[in-house]
Structures are given as structure tokens and as C-alpha cells.
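**Student:** Sharing a structure, written as C-alpha cells. Questions coming.
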Amino acid sequence: MPSNRFPSKGITTLVDLAFSFLLGLAFTQLVVGLDKLNPTFTSWLLVQGSDYSYHYLAWEYFKDTPWHWPLGRLEGFAYPMYNSIMYTDSIPVMALFFKCFRSFLSNDFQYFGIWFASCYILNTFFGIQILKQIGWSRFMRWLIAPFFTGATVLVVRFGHPALCAQWLILWALFIYLKRNDWNLQRINWQLGMLTFLTSLIHPYLMFMILGVGASVLFQLKYEHKITTGNMLLKIVAMLMLVLIGWYSCGAFLFEGKLSEGLGEFSANLNTFINAWNVGRLGMRFDYLGPGQGEGLAYLGLGIILLIVLLSFYYFKNKFVYRKVIADRVSDKKKNWFFISSIIFFVFALSPKWSLGHYLLIDWHYNDYISRTFRGTGRFIWPLYYFILYWVFRRLYRCGFQPSILVVVVIAALAIQWMDLSPLWKRQPYIDEARNHLPYIDQLQYLFSISEKVIAYPPYHGTIADFGDYIYLADIAQRYHKPISTGYSARYPIEIGDAFRDSLADLANYFNKNPHDVLISSVDSLAFHKKLLKIVGGQSYEFERYRVFVPSTLTPIIQTGIIDSINLNTIEHQQIYPLRTYLIDHVNDYIFGVIQQEGTVHLKEESRAHLRSLGGHIDSLKFGSSWAFVLYHNQFLVDQLSNSKPVRDSFSISCDTQVSKIKLYSGAFLANNENKSSISMNGIEFSFGKRGINILVTDSCGKVIDKVNADTYLSDLYIYR
């Protein structure tokens, strides 16, 4: 009969894995959508301002990089800097695996959807195995499993795929709980596999696993199952596995700049009970700052109520069975996993200990480790998962009737679901329509005939639109062209600075690199004209972008693709500041409305001029809606709002003719409406472009001009 034990255990594990697969996929559908599992569906990863966009772009360039040693070397992204796939958070273990099959992969290939699903599945599986170790029946394990699948600390990490591998923490906890069931050899193998695998996923998780993994060894030493020397030897072996993994990924390719912002991204003492913006029913407290969202670890109202129930049960029994409780406490052993979790919790609070918006302690330290891990709040995760384990362990040991346990768990799960409903649903931006670059076919063509693409200024996330580097890098990668933009957590700053310095003299650069093209914002007229004069070639305006093509490449440009009749070349364009434009039309009616955003690069000269006319210019914020009418250096209309669209109307009377003008401004803060209108007698005159759209008429309402100043980007250039 003993021979049947292991097959039955294996079958039970497979059944649990099958359930984990189904529940994990269900949460994948809830949070990201199962369509993201399609490896050729990549557009959802190109979201302006998101971190997973650069994770994906780095993978694209890594896939194209020839094999080097170290294996994780990455080239072409943020040219001429090279990098490590470790520092782009592209999940090195996945990147290295799929790069082995790059000859068979389509150019548009992503594994991030598969990774998300795997993390939800494995979080469920290891949660179930921990519950099984506690003693829960299969039905109850499956009933409790969603608390692990939908763990707040997991779901809120959606924007950082590599950090979703929190099942590694649960795996470490499972090893800790199985230490009495497994022999030392199996424990060593499990810890070794866990350590090496984590070294190929993310450094933050790596240090957590080193800590909680070492707690297994400390516990074995504490229980006299291994010697001190053996414990130290195994810890050294874990460190060696980390170094091997990191070295193969290229983590030591260069000495990167240490992170700034230590203390901004710490955890808060109230984080476990603070619903913040993820819980609908729980309590809400202020944080010291928005960066403390990195330490968000809200347990959910269902878990909190279970803790209250268990506390009530404990104190009730303490008075009834005082001696029994005292005996149990005195016999209690140290739990080194819990101790390591507490140490990580203290580090997560560092260096600023805060309760709500109150700063209690500021240690003012800035050592190497903490500056390397400025997001200290993330180190709260081991304690979060230990609390989940502790709650269901204590609940199991309360001795309630099975029917009562079912009712309690279902009630807690229902409350948890209602409370976390803002979180346990599709992320709001994942299925939004993506922005596209203007004239994308022409840009693709110009990139394709170049040797390299110089995004100017280099290494900026924004060229003309917020976060538009992702679209430029994606196009460049399609044609396997290096591009001088991109992002990573660490980078060889000396190489980047040297390249930036070489671009100080662009004419000299293009004399040395005659097959490159340069793309910049429309606010670059002056140096494009200088390049045309010194280097020759052609410069095109593509709405908000300018592309310079040196004379070496212009002979091969196909005019059927780059049609100069339909595109504005810049030879005869002039810099025309908004302030100058307003002064030149002082005797005319000037009607203006902001669409989307019009304040970031509204220069102080323009602001001072508008302020001198008595306008409320100082009340304009990022994304404010604003409608105005100027005439003879006076504001006849000056309406603005930081929360909703603004509307106004105006009439011009001249003899028997009356012109009626209606103004509408819907900017970013107006629910991201991004609309504008200047209609006169029912005819629309707003360009409907980002920035300030302007209509100019004479004193009788005759149209003189209509322009757009993209003051999000610059107010030195007027678009007609």
C-alpha cells in the first residue's frame, strides 16, 4: 500500500495545477484579457508613459542583437549605449529562452501576455500547495485560492511584468513549510533552482528570495538539522548562483548610475489597512506622498475581517483557557521566515517611517544598497504573503465545524471581491485605442533607407508627443536600425554623455555619418536650416515632427512615397513666436481655445505679455481648458477651468452685419476630452490640434487668419 502514496500525491498535485491553470486564466482575463496571450499581438504594449512599453522594445532590440558573451547584452536601443536585458526589466529568463528561436519568430513577437498568465497561475498553484500543507481539504483550498490569485500586491504590479513573479516568494514559503517532509538534498535543490531562476527575473525579487531563502537555512540550523558551517556554505552557494545568473545576463557590463529618490517610494505603516485607490469598502488614509504607492499592500476587507475574527476568537479563548494558551506560547519556536519578512518590512519603511501623511522618523541615510533599491516599499511583499498564510493557518486551527468554515470563507471572499472590485477588473487603459504617429508610412520609409535614426535630443522620452519615443523605436526596430532613444534602469552614462556631446555640432556629425537621418520636434527650425545650409539635403515637416535627410540619401528617395507637394518643407519657414503673433494682431479680434494641453512650453515671455493684459494666465495648469477673446490689448473673454470644458460666445457687430462666434475648449483635465471649437456663423475655424487654436478677424468679423500654436511643445512656431 505505501507504493500508492506517491502516485496519489502526484495526481492530487496535477489536479491542483489544472485548477490553478483555470483560475489563473480567469484572473488573466479579468485584468489584462486573454487576447494578450497571442504572441503576435503587440500593439497593446505600446502605451505612452507605461513601463512595459520599454520592456517590450528592449526585447525587440535584444532579439536582433547578435549573440555575445555575456548572453544578455543588448544593442541598438538608446544607441550608442549598449545595455543588459537585466536592466530593461524584460524578464531575462523569457528573453533568453525565446531568443534561441528568433529565426522562427515573427518580427512582432511578445511573451508578456504569456508571462502575466503564468504569474497568476503559479501564484494560485503555490498558494494552494501552502494551504494543502496547512491541512485544508481540496474543496477549501480551491475556495481560498482567489485570495492568492488576486493578491493586491500582485495585481497592482501590472505595469511591471517582471515584478509579477511573486509566486517565487510563495515558492520560498512552501520550501520553508516542507522542510520537515523533505530531505536536505531536496531542500538544497529546491533552493538552488529558486535562487538561480530568480536571478534571471528581477533584482528586487532576487534580494527578497535571498532573504527568505536564507531563512529556511536559519530555521534548519535553529532546529539543529544542519551545522553553522553547512548553513554558511549553502548561503555562499546561493550567492554564487546569483552571480552566475547575473553575469550571464550582463549585469556587470558597466557601472551604472545609482538611483535617486530614496524615501519617496517607501512603504507606509498603515499600508496593510489602507484601501487607497484599490479598495472600494475599506478605510482610506493619506500617504506621505504618491510615491508610496510602491509600498501598497492593502490586504482587502475580507482578510482584515478574518483577522478581526481570529483576534476575537483568540482573546475570548485566552480568558477561558489561559493556562493552555500560556503553555502553547511558551513552547512556540522562532519562525525565521517571519523574522526575515519583518526585516524586509522595516527596510520597506526606510528611510522615512510614516503613518498616513505624518513623517515619524527620517534616518537620513543614503547607502549603496538603499540607493540601488530606491523602491524600498516593494520589500513589503514577503510579509504580505506571510500574513495570508498566517490567517488561513490560524483559521484552520480554530477547530470550527466544516460547514461554518465554508460560510466564513465564502463571506470573506465575497467581501474581498466587492472591496477589490476596482482592482479585480480589466485595467482601464489596456484596451484603449493607441495613438499613431502622423505620416507613419513616410517615417517608416525614411527610417528604412537610413543607417541609424538619431532622435534629437537623444534619450528623451518625448520628442513631440508625451512618450512618443516608443513609436519611433518600434518603427526603427522593424527595419533593424539603431535609434538614439530608449530607457533602462541602468545605463553606461559615460557613453551616452559622449554621444550627446558629439551632437552639439550636428553638421560635423552628419559629415561623419552621412547615412543617418534625424528626427526632432517641430520646434527645431533653426538647426534644421543650419543643417540644410552646411550639409545640404532635405528637411521635411510631418505635422509635429521634422526629419532631416542628408544629401547622401536624398537621391534615392522615391518621390511617390515622400511627396514634397503634400508635405511642408522648411526652406521658407520662419520662427514666429506666439507673443509676437499676438502683438502683430493687436488691432484685430483674436479668438483662442486650448485643446488637450497648451501650457508645458508656453514660454514666460508669452505668459508675461498675457499677464500684462490682465488675463488669468497664472491660474492655467497642465491640461487646463481655456477660451479667450483679445482686442486692443484687452481680454474681452477669459474663461478657464481645471476640471471641465469651458464654453463662451461673442458677437461682432459691423453696420447691419452681426457675426456670432462660439468658443469651446476641452483640454486634458476635462475628462481627457481633447476637443476644441471656434465656430463663426456655424462655420468651424479651429484646427482641432493640440495647443492653442486661434482665429483672427478684423473689426467687422472678416477672417484674417487661423493658426495653431502647439504650446505643449513650443510657442515659437505658428502652424497654418
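The values are calculated or read from the model by the stated rules, or taken from the named source; none is laboratory data. None of these values were measured; they are calculated from a predicted model. With ideal geometry, Cβ positions are generated from the backbone for all residues, glycine too; neighbour counts draw on all protein chains shown. Protein only, heavy atoms only, side chains kept; ligands, DNA and RNA dropped before computing areas. Shrake-Rupley method; radii C 1.70, N 1.55, O 1.52, S 1.80 Å.
**Student:** Which condition number does G10 fail, the rest of (1) touching a residue at least 12 places away in the same chain (Cβ under 8 Å); (2) surrounded by fewer than 20 Cβ atoms within 10 Å (Cβ to Cβ); (3) out of contact with any helix residue (DSSP H, G or I) (no Cβ under 7 Å at 6 or more places or on another chain); (4) not β-branched (V, I, T) being met?
**Tutor:** In the conditions (1) touching a residue at least 12 places away in the same chain (Cβ under 8 Å); (2) surrounded by fewer than 20 Cβ atoms within 10 Å (Cβ to Cβ); (3) out of contact with any helix residue (DSSP H, G or I) (no Cβ under 7 Å at 6 or more places or on another chain); (4) not β-branched (V, I, T), G10 misses (1) alone.
**Student:** Being surrounded by fewer than 18 Cβ atoms within 10 Å (Cβ to Cβ) and not in a helix (DSSP H, G or I) is the filter here, so list the residues in the range 496-536 that pass it.
**Tutor:** L503, A504, D505, N513, P514, H515, D523, G536
**Student:** Additional query: If L220 satisfies all but one of (1) in contact with a helix residue (DSSP H, G or I) (Cβ under 9 Å, 6 or more places away or on another chain); (2) open to solvent by 30 Å² or more (accessible area, probe 1.4 Å), what's the number of the condition it fails?
**Tutor:** (2)
**Student:** May I ask you to list pairs of residues, at least six apart or on different chains, whose Cβ atoms are under 9 Å apart, with the first in the range 405-420 being at negative phi and touching a residue at least 60 places away in the same chain (Cβ under 8 Å) and the second being exposed (fewer than 14 other Cβ atoms within 10 Å of the Cβ) and part of a helix (DSSP H, G or I)?
**Tutor:** Listed by first residue and then by second, the contacts come to V406/F139.
**Student:** Do we find that T12 is hydroxyl-bearing (S, T, Y) and part of a helix (DSSP H, G or I) in this structure?
**Tutor:** yes
**Student:** For the range 171-200, which residues satisfy the criterion of being aromatic (F, W, Y) and farther than 18 Å from F218 by Cβ?
**Tutor:** W189, F196
**Student:** Now for a separate question. Here's a check for you: in the range 268-285, which residue that is touching a strand residue (DSSP E or B) at 6+ places or on another chain (Cβ under 9 Å) and not polar (S, T, N, Q) is most open to solvent (accessible area, probe 1.4 Å)?
**Tutor:** Among them, the one singled out is F285.
**Student:** Please go through the range 614-635 and give me each residue that is open to solvent by 20 Å² or more (accessible area, probe 1.4 Å), without any contact (Cβ under 8 Å) to a residue 24 or more places away in the chain and either within 16 Å of I678 (Cβ to Cβ) or touching a helix residue (DSSP H, G or I) at 6+ places or on another chain (Cβ under 9 Å) (or both), ordered by number.
**Tutor:** D618, F635
**Student:** Let me ask you something else. Got a number for residues in the range 270-322 being without any contact (Cβ under 8 Å) to a residue 12 or more places away in the chain, hydrophobic (A, V, I, L, M, F, W, C) and over 19 Å from Y385 (Cα atoms)?
**Tutor:** The qualifying residues number 5.
**Student:** Pick out the one residue from V329, V324, V391 that is more than 19 Å from I209 (Cα to Cα) and modelled with pLDDT of 95 or more.
**Tutor:** Only one candidate passes the filter, namely V391.
**Student:** Determine, yes or no, whether W115 is without any contact (Cβ under 8 Å) to a residue 60 or more places away in the chain, out of contact with any His (no Cβ under 8 Å at 6 or more places or on another chain) and under 28 Å from A498 (Cα atoms).
**Tutor:** no
**Student:** Go through the range 333-366 and give me each residue that's surrounded by 21 or more Cβ atoms within 10 Å (Cβ to Cβ) and over 27 Å from the mean Cα position of the chain (by Cα).
**Tutor:** Result: F337, S340.
**Student:** List, please: which pairs have Cβ atoms under 7 Å, are six or more places apart or on different chains, and start with a residue in the range 188-209 that is closer than 19 Å to F98 by Cβ and end with one that is open to solvent by 10 Å² or more (accessible area, probe 1.4 Å) and not hydrophobic (A, V, I, L, M, F, W, C)?
**Tutor:** Partner pairs satisfying both residue conditions: H202/D89.
**Student:** Test of understanding: among F21, F41, which residue is in contact (Cβ under 8 Å) with a residue 12 or more places away in the chain, open to solvent by 10 Å² or more (accessible area, probe 1.4 Å), closer than 22 Å to V93 by Cα and outside any helix (DSSP H, G or I)?
**Tutor:** Of the residues listed, the single one that is in contact (Cβ under 8 Å) with a residue 12 or more places away in the chain, open to solvent by 10 Å² or more (accessible area, probe 1.4 Å), closer than 22 Å to V93 by Cα and outside any helix (DSSP H, G or I) is F41.
**Student:** For the range 70-107, what are the residues that are assigned to a strand (DSSP E or B) and either open to solvent by 40 Å² or more (accessible area, probe 1.4 Å) or touching an Asp or Glu at 6+ places or on another chain (Cβ under 7 Å) (or both)?
**Tutor:** Answer for the range 70-107, where residues must be assigned to a strand (DSSP E or B) and either open to solvent by 40 Å² or more (accessible area, probe 1.4 Å) or touching an Asp or Glu at 6+ places or on another chain (Cβ under 7 Å) (or both): just R73.
**Student:** Conditions first: (1) farther than 25 Å from F139 by Cα; (2) among the β-branched types (V, I, T); (3) in a helix (DSSP H, G or I). I430 passes all but one, so which condition is the exception?
**Tutor:** (3)
**Student:** Out of the range 459-487, which residues are of a type outside the set (F, W, Y) and open to solvent by 30 Å² or more (accessible area, probe 1.4 Å)?
**Tutor:** Listed by number, the residues that qualify are H460, G461, T462, R478, H480, K481, P482.
**Student:** Filtering the range 647-658 down to residues that are closer than 24 Å to V586 by Cβ and among the β-branched types (V, I, T), which residue is least open to solvent (accessible area, probe 1.4 Å)?
**Tutor:** I652
**Student:** Is it the case that the range 246-262 has a residue that's more than 20 Å from the chain's Cα centre (by Cα) and farther than 30 Å from A58 by Cα?
**Tutor:** No, that holds for no residue.
**Student:** Quick test for you: out of G289, G300, pick the one residue that is within 23 Å of V155 (Cβ to Cβ), modelled with pLDDT of 85 or more and open to solvent by less than 30 Å² (accessible area, probe 1.4 Å).
**Tutor:** G300
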